[in-house]
Structure formats: structure tokens, C-alpha cells
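Report on the structure given below.
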């Protein structure tokens, strides 16, 4: 599902809202999630799942083409843990 399809779906359910108003709402939700994660906060959406950042340590990797060693710097990666309701819906 694309963001545009999500906006259309929400606009169908929310009677009385235009597509533009719905787009603003969806963008605001995504921006809130993005800002919370940037601050290092955990985002929990009951019935759907949890988003949080994990820190990866720097490591030494290998370039598969040349075989040379490559230093990979430390970084933060997004981790998603599926919620129980969504897990049950996917695996009846």
C-alpha cells in the first residue's frame, strides 16, 4: 500500500473530510512518528506494533568484489516489533 492509497482509504472512512484534509492528517501522524524516533523515543501503536531505534556498533566488513576490508561506522537502525493483534490477524 502506498501513502496515496492510505490517504484514499482514510478519506473513505472519514466522512466529511476532503482528500486534502486527510492528507494533512496522515502527514501529521507520520511527522510525529519521525520526530519521536529522531529524539530516541519509542513509538507504540496499540494493536499494530512498536517502532524504536537500535544502535549498531562499528564493525569491519569485507568488500565481496575485491575482498578488501571496509570499515562500517556505527549507526542507528529502525526496529519494528509487530503487535499481538496484527500478528493474530496475519496468522489466524
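Quick note: the coordinates plus some simple rules give every number you see, no bench work behind them. Since the structure is predicted, the reported quantities are computational estimates derived from the model, not experimental observations. Note: ideal-geometry Cβ built from the backbone for every residue, glycine included; neighbour counts use all protein chains shown.
The calculated Kirkwood hydrodynamic radius for the stretch 1-41 is 10.9 Å, given to one decimal from all distinct C-alpha pairs. Calculated [222 nm] ellipticity per residue, helices only, for the chain: -13000 deg cm²/dmol; basis is -39500 (n - 2.57) per DSSP H run with n ≥ 4, divided by all residues, nearest 500.
Percent of Cα pairs in the stretch 1-75 per distance bin of 5 Å, from zero to the largest separation: 3, 13, 13, 14, 13, 11, 9, 9, 7, 5, 3, 1, 0. Computed over every Cα-Cα pair of the stretch 42-92 and binned at 10 Å starting from 0, the pair-distance distribution P(r) comes out as 22, 28, 21, 20, 8 percent. Fewest neighbouring Cβ atoms within 10 Å first, the residues 7, 25 line up as 25, 7.
Sorted fewest first by neighbouring Cβ atoms within 10 angstrom, 70, 43 come out as 70, 43. Normalised by the number of residues in the chain, the average gap of Cα pairs under 8 Å and 6 or more apart makes the relative contact order 21 percent.
Work out the FRET efficiency for residue 15 and residue 38 from their Cβ-Cβ distance, taking R0 = 35 Å, and round it to the nearest 0.05. Computed FRET efficiency for residue 15 and residue 38 comes out at 0.55. For the pair the stretch 25-39 and the stretch 60-86, the centres of their Cα atoms are 24 angstrom apart.
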